[in-house]
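Have a look at the structure below before the remarks.
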Amino acid sequence: MNIHLNKPLCVFDLETTGLDISKDRIVQIAILKVHPDGKKEELNLVINPQINISESNAAIHGITNEIVKDAPTFKQAAKEIAEFIGESDMAGYNSNKFDIPVLAEEFLRAEIDFDLSSKKCVDVQNIFHKMEQRTLVAAFKFYCSKELDNAHDAMADTTATWEVFEKQLERYENLKPNIDFLSEFSKAGKLKNADFAGRLAYNEKDEMVYNFGKHSGKTIKEISNSEPGYYGWMLEADFPRYTKKILFQEMEKIKEEKRQENQKDFNTKLSDLQNKFKK
């Protein structure tokens, strides 16, 4: 292998009912688990999304309502998937923007507490775009000199992603073959995301900020004071569950800081009054 692994790396791909992170569901998940010693394991599951698979999407990945009707739901398969991934780091093609957020949504929907945010995530597409600017099919041909005949089958795409990843490490000397470096290198954008969908981020002061819309770049704390209703709007609007979870945790942190500040002010005023009466 061209990469040095301290723990397993799960290269994965999803096929879904569509491209909406909040609403669409997984219909196939394929994972290639690469161990530090080079050993590989595969998990390839067809999933019943419990919503309709449109003909247009079925035409892309070949998975129809008929195929999934007797397949397990994500909730039924979630424990097996979580245990297979375990403590592994993650890698995929466009995974930081799509596959990781969708997988996080499915785990939350299934009420499975599986913390994907603690993992190093390598996005092979971002490495490719920074180096060559191509699609997966073109990347496979460019790096591996082979045609990707079975594109949009999750396991075919997963295997191709791994082969492209290996060739990238072989080709580019400036790519350090360790997950910490590759995880940082393959991130898109200047700010570090706080959520998977990139709606929240951290600024240079490590403060959480909104990363979209009219308040882009402004801190959550600042907007909680100037426009407190914005937080409530986000919780009610069509944002990913994971984004709402992170925003809720930040707001609870802000509320606790305010409570402590108010308590400190109260104690100071009380102490001043006590000292005044003593005199």
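The values are calculated or read from the model by the stated rules, or taken from the named source; none is laboratory data. Given the structure is predicted, the values throughout are model-derived calculations rather than measurements. Note that we place each Cβ from the backbone using ideal geometry, even for glycine, and neighbour counts take in every protein chain shown.
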Of the residues in segment 215-230, those that are within 15 Å of Ala201 (Cα to Cα) and either exposed (fewer than 12 other Cβ atoms within 10 Å of the Cβ) or under 22 Å from the mean Cα position of the chain (by Cα) (or both) number 4
If we keep only residues of segment 153-186 that are of a type in the set (Asp, Glu) and over 19 Å from Val34 (Cα atoms), then the residue nearest to the chain's Cα centre (by Cα) is Glu184
Any residue at all in segment 70-90 that's among the polar types (S, T, N, Q), under 29 Å from Phe128 (Cβ atoms) and within 20 Å of the chain's Cα centre (by Cα)? yes
Of the residues in segment 144-173 that are aromatic (Phe, Trp, Tyr) and not in a loop (DSSP other than H, G, I, E, B), the one that is farthest from Val122 (Cα to Cα) is Trp162
Taking segment 68-91 and keeping residues without any contact (Cβ under 8 Å) to a residue 60 or more places away in the chain and surrounded by fewer than 19 Cβ atoms within 10 Å (Cβ to Cβ) leaves Lys69, Asp70, Ala71, Pro72, Thr73, Lys75, Gln76, Lys79, Glu80, Ala82, Glu83
The number of residues in segment 218-236 that are at pLDDT 90 or above and either assigned to a loop (DSSP other than H, G, I, E, B) or in contact with a Ser or Thr (Cβ under 7 Å, 6 or more places away or on another chain) (or both) is 3
(1) outside the structural domain of Asp99 (by TED's automatic domain parsing); (2) over 27 Å from Val102 (Cβ atoms); (3) in contact (Cβ under 8 Å) with a residue 40 or more places away in the chain; (4) not polar (S, T, N, Q) all hold for Tyr172 apart from (1)
Condition set of a type outside the set (Lys, Arg), part of a loop (DSSP other than H, G, I, E, B) and under 11 Å from the mean Cα position of the chain (by Cα), scope segment 91-121, selection farthest from Leu136 (Cα to Cα): answer is Asp115
Expected output for segment 254-279 (first residue without any contact (Cβ under 8 Å) to a residue 60 or more places away in the chain, partner of a type outside the set (Ser, Thr, Tyr) and surrounded by 10 or more Cβ atoms within 10 Å (Cβ to Cβ), Cβ below 7 Å, 6+ apart or cross-chain) is Ile254/Ile220; Ile254/Lys221
Every listed condition ((1) closer than 19 Å to Val11 by Cα; (2) out of contact with any strand residue (DSSP E or B) (no Cβ under 6 Å at 6 or more places or on another chain)) holds for Lys130 save (1)
Farther than 23 Å from Val122 by Cβ, touching a residue at least 60 places away in the same chain (Cβ under 8 Å) and not in a loop (DSSP other than H, G, I, E, B): is that true of Ile31 in this structure? no
Counting only residues in segment 45-61 that are closer than 13 Å to Glu15 by Cβ, among the hydrophobic types (A, V, I, L, M, F, W, C) and in a loop (DSSP other than H, G, I, E, B), the one nearest to the chain's Cα centre (by Cα) is identified as Ile47
A careful count of residues in segment 38-66 that are of a type in the set (A, V, I, L, M), farther than 20 Å from Phe114 by Cα and in contact (Cβ under 8 Å) with a residue 40 or more places away in the chain gives 2
Note on segment 175-189: residues without any contact (Cβ under 8 Å) to a residue 12 or more places away in the chain and either basic (Lys, Arg) or not in a helix (DSSP H, G or I) (or both) are Lys176
